[in-house]
Amino acid sequence: MPLSEQEQRLLDEMERSLYHGDGDFAASVGRVRGRISYGAVVGGILLAVAGIGVVILGVLAHNWFIGALGFAAMFAGVLIAIGVRSHRAPAGFPAGAAGRSTGFMDRLAQRWERRRQS
């Protein structure tokens, strides 16, 4: 069932408001996640386990600096394992710009346009 004119205008207005008000969120919604890198998962887990070992070594040595380094290694390992990347805008979408990404929102708009035409 196609959208009415009023519903389509409301949807377009909400989309413009989203891009204008929170461009970073809109960019992240439009981003397509890649496949899981098992090498990164294994490497991250190994780094996290090594970090736990260094934390324990720091506690046993009564050295807070060694413990802090171990915690940093553990934290970095978890971030690598779950695939968290630095927050950058996708290619073709300048950071903070109120433009359109070529991801999810464009595909959604194209689907609605095809529905309206049929």
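Scanning the range 19-55 for residues that are modelled with pLDDT of 75 or more and among the hydrophobic types (A, V, I, L, M, F, W, C) yields ALA40, VAL41, VAL42, ILE45, LEU46, LEU47, ALA48, VAL49, ALA50, ILE52, VAL54, VAL55.
The set of residues in the range 55-64 being crowded, with 18+ Cβ neighbours inside 10 Å and over 12 Å from PHE75 (Cα atoms) consists of GLY58 alone.
The values are calculated or read from the model by the stated rules, or taken from the named source; none is laboratory data. Source: prediction; values computed, not measured. We place every Cβ from the backbone using ideal geometry, glycine too, and count neighbours over all the protein chains shown.
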